[in-house]
1. What pairs come out if I take residues in segment 104-128 that are farther than 13 Å from G257 by Cβ and pair them with residues that are outside any helix (DSSP H, G or I) and at pLDDT below 85 whose C-beta lies under 7 Å away, six or more apart or interchain?
2. Name the residue that is most open to solvent (accessible area, probe 1.4 Å), counting only residues in segment 194-236 that are among the charged types (D, E, K, R) and touching a residue at least 24 places away in the same chain (Cβ under 8 Å).
3. Considering S453, S427, S435, which residue is open to solvent by less than 20 Å² (accessible area, probe 1.4 Å) and either among the polar types (S, T, N, Q) or touching a residue at least 12 places away in the same chain (Cβ under 8 Å) (or both)?
4. If I ask for residues that are surrounded by 20 or more Cβ atoms within 10 Å (Cβ to Cβ), within 27 Å of A94 (Cα to Cα) and touching a residue at least 60 places away in the same chain (Cβ under 8 Å), which ones from segment 168-193 would you list?
5. Output the residues belonging to segment 374-416 that are of a type in the set (S, T, Y) and either open to solvent by 30 Å² or more (accessible area, probe 1.4 Å) or at positive phi (or both).
6. Quick check on my filter: what residues within segment 29-47 are open to solvent by 50 Å² or more (accessible area, probe 1.4 Å), within 18 Å of P271 (Cβ to Cβ) and of a type in the set (A, V, I, L, M, F, W, C)?
7. Can you pull out every residue in segment 380-390 that is within 23 Å of the chain's Cα centre (by Cα) and of a type in the set (A, V, I, L, M, F, W, C)?
8. Please determine, by comparing only the residues of segment 54-81 that are of a type in the set (S, T, Y) and surrounded by fewer than 24 Cβ atoms within 10 Å (Cβ to Cβ), which one is nearest to G370 (Cα to Cα).
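The values are calculated or read from the model by the stated rules, or taken from the named source; none is laboratory data. These numbers were taken from a predicted model, which means no experiment stands behind them. Cβ atoms come from the backbone with ideal geometry, glycine included; neighbour counts cover every protein chain shown. The area values use the complete protein model at the heavy-atom level, side chains included, leaving out ligands, DNA and RNA. Shrake-Rupley method; radii C 1.70, N 1.55, O 1.52, S 1.80 Å.
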Amino acid sequence: MDGAARQKTHAEGAGRDTLYNLIAAVAPAFITLIVTPFYLRAIGPDRYGVLAICWTLVSAISFASLGMGPALTYRLALMEDSTPEARSRMVWSALLLSFAASVGGALIVFGTGELYFGHLFPATSALEFEISAALPLLSLMLPVGILAGVLNGALQGRGRFGTLSMITVGNFILTSLVPLAVAYRIGVDLKWLILATVSALAAALIVQLTICVSIIPLRGPEARLQDAKSLLSYGAWMSGTALVAPLVMMIDRFVVGALRGPTAVAAYVLPYSLVQRMVLIPASLSGAILPRFAPLSTQQDVQELQSRALSWLNGVLTPMAILAIALAAPFFHFWIGPALGSAASPVAAILLVGGWVHGIAHIPSTVVLGRSRPDLVTKLLIAYLVPYLVLLYVATAHFGIIGAATAWTIRAAFDPILFIYTQPRRSEMWAIARSAALVVFAMIAALVFPWTSFFYWAAMALLAGLACYDHREVLVASVSKARSFAFGGT
């Protein structure tokens with residue numbers, strides 16, 4: 001197969017798999033929109049804020065996976081011609097390694113939770129008692145989540161994105177509705193809510209393992225030392241990334257909780273969840289193209305695949321970010337009420353700029369991971385960890401959640417530094433610069449004008465129109481591809 005045909009095949013496959021990943025991203029977003037007001041009414045902003053920190057704590061200890069999920073994706077992508085037995089041994093090696101490490105991770109979750117909630121987090125005595133009783137159950141969530149992540153990596157490595165999409169949506173439905181049903185039917189005590197979540201995750205894991213037995217396919221449990229070494233050689237740096245990345249990406253919620261209390265956490269986490277949904281688009285693309293970088297033999301092939309991915313992502317993400325900034329204020333006003341919405345709206349406008357930059361930076365990050373250089377991601381995170389923590393603390397102490405959002409966005413502005421390594425074309429960087437200017441102007445308009453004014457909507461319409469015009473070719477092609485996919489195309 002010549003270079004042009006190979007790139008066409010990669011692009012078509014990546015486009016199809018990205019659509020599968022987007023389905024898995026969009027469906028949970030709609031579910032979140034529906035269930036969040038019910039959660040707030042059932043358990044209140046304080047418990048909602050505590051739960052947000054609990055989920056963040058578990059995510060922050062995800063380094064205990066030893067990077068087995070991405071490592072397995074990378075290794076299986078190189079094993080297309082290997083025997084089913086060899087692939088099965090590789091998956092079992094990753095599962096056994098990650099499970100052994102997750103036991104220690106569960107102890108870290110418990111100890112860190114005791115330290116943070118017991119000494120740093122301001123809460124009522126009743127809430128403190130609930131948190132203390134719930135921490136042992138919270139620690140069980142880590143091993144379940146880590147094993148699910150390894151199986152996700154196996155499905156990605158085998159290119160089964162459609163199956164993974166269905167599993168992700170089903171998992172999210174269970175973990176959203178089961179705790180909510182418990183809150184309404186049994187009680188709002190944190191231990192019952194966390195137990196319901198762990199039970200839902202465990203049930204989903206059993207289903208996922210059953211599916212993987214058929215798809216991988218998995219034989220009887222068997223691991224090899226050689227496979228374990230190959231996984232660890234890649235996963236070590238990924239584990240380092242998983243250790244540092246949560247400090248960079250999630251510590252803002254811990255700082256907000258310690259300095260401003262649980263209600264401020266709710267007002268911060270709700271707009272942050274909007275940013276997370278937008279970032280799922282580049283994450284979906286990254287998950288689809290990561291296995292495709294590994295087998296590429298020439299730098300020209302790598303550059304071409306990066307160019308296609310970057311052009312599509314910039315073209316789709318920029319109008320979406322401007323639209324999200326424009327709609328954030330009225331959305332939060334009607335979704336969670338005027339009081340909490342007025343606090344969340346400016347936070348959303350600021351965080352969405354950071355989310356856009358972070359999203360664009362998924363492309364160079366995916367390139368370096370796909371070319372077996374995960375160390376570059378870890379080194380970048382380590383380089384700006386301490387300056388970011390200082391900035392975050394000072395900004396939150398003086399300006400509250402607005403300061404925390406600003407610090408997070410400033411930190412995100414440094415994520416695209418990895419473009420220095422991947423070396424995109426000058427025209428592509430110029431397109432990114434134009435898009436960045438439009439997104440920043442949208443943020444300024446959101447912060448300066450009230451959302452009920454004519455000037456607000458006129459500015460947003462102008463900026464959205466410019467973004468759509470600048471990326472018209474990508475948008476038209478994306479709509480055409482989505483229609484083809486919806487009506488049975490590939």
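1. So the pair list comes out as G105/I61; I108/I61; V109/I61.
2. Restricting to residues being among the charged types (D, E, K, R) and touching a residue at least 24 places away in the same chain (Cβ under 8 Å), the top hit is R219.
3. Residue meeting the stated conditions: S435.
4. The answer is T168, and nothing else.
5. Step one: list which residues in segment 374-416 are of a type in the set (S, T, Y), which gives 378, 384, 388, 393, 396, 406, 409.
Correct list: Y393, T406.
6. Scanning segment 29-47 gives F30, L33, I34.
7. L380, L381, I382, A383, L385, V386, L389
8. Top of the filtered list is S62.
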